[in-house]
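See below for the structure under consideration.
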């Protein structure tokens, strides 16, 4: 019996550069409406992974931590799709999230990356890709990807294929 479900993937990254490269693989697979939740302690690699996602997605501007602005919007040259990057660290619940127009972000023609999604978990769609990042050692990180819903189960499988060829 397998340890993980088909919709889950467990990965170890050995460096910040490898974490970014993993993000590049995921970013290349994103579609409009995708919701990617990056959860983990401070320094676990959420922003490094998001930087890679932006690069793989084709962002024309570098993805950086949106801690002070809360939301960054990125464009790409090949189409009109947007990539939204939201840092929920300073949000303390649903009321805070409503003041920044979270519902609008879910309904726009773009993909959404959320750091610290546990701070607004009651507002998140049930179908999403949840990625738990854990610090193992100074440079090693553990990623557990769990896709909930058909789209996200497919996304985990496509990511697995593009990353490991399996």
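Read-outs: derived from the displayed coordinates by stated rules, not from any lab. Here the structure is a predicted model, which means the values were calculated and not measured. Every residue, glycine as well, gets a Cβ built from its backbone with ideal geometry; the counts of neighbours run over all protein chains shown.
Here region 1-71 and region 78-147 have alpha carbon centers that stand 10 Å from each other. Label-to-label distance for residue 154 and residue 96 is 3.5 nm, based on points extended 7 Å past Cα in the beta-carbon direction. The three principal axes of the Cα atoms in the chain give end-to-end lengths of 44, 35, 30 Å, sorted in falling order.
Here's the picture: a label point sits 7 Å out from the Cα of residue 107 along the beta-carbon direction, and within region 124-164 the residues with their amide nitrogen under 17 Å of it are 124-126. Model label points for residue 89 and residue 16, set 7 angstrom from Cα along the Cα-to-Cβ axis, are 1.4 nm apart. Sorting 51, 166, 24 by the number of Cβ atoms found within 10 Å of their own Cβ, with the fewest placed first, yields 166, 24, 51. The Rg/Rh ratio of region 93-166, with both radii computed over alpha carbons and Rh defined as the Kirkwood radius, is 1.03. This ranking places 89, 152 by how few other beta-carbon atoms lie within 10 Å of each, fewest first, which gives 89, 152.
DSSP assigns beta bridges within the chain; of those with both partners inside it, close to 55 percent run antiparallel. Taking label points 7 Å from Cα along the Cα-to-Cβ direction, residue 144 and residue 64 give a separation of 3.4 nm.
Shown here are the Rg and Dmax of the Cα trace of region 27-116, at 12.3, 36 Å. Within the listed set 52, 93, 27, the residue fluctuating most in the Gaussian network model of the chain (springs between alpha-carbon atoms under 10 angstrom) is 93. In terms of other Cβ atoms within 10 Å, 81, 42 run from fewest to most in the order 42, 81.
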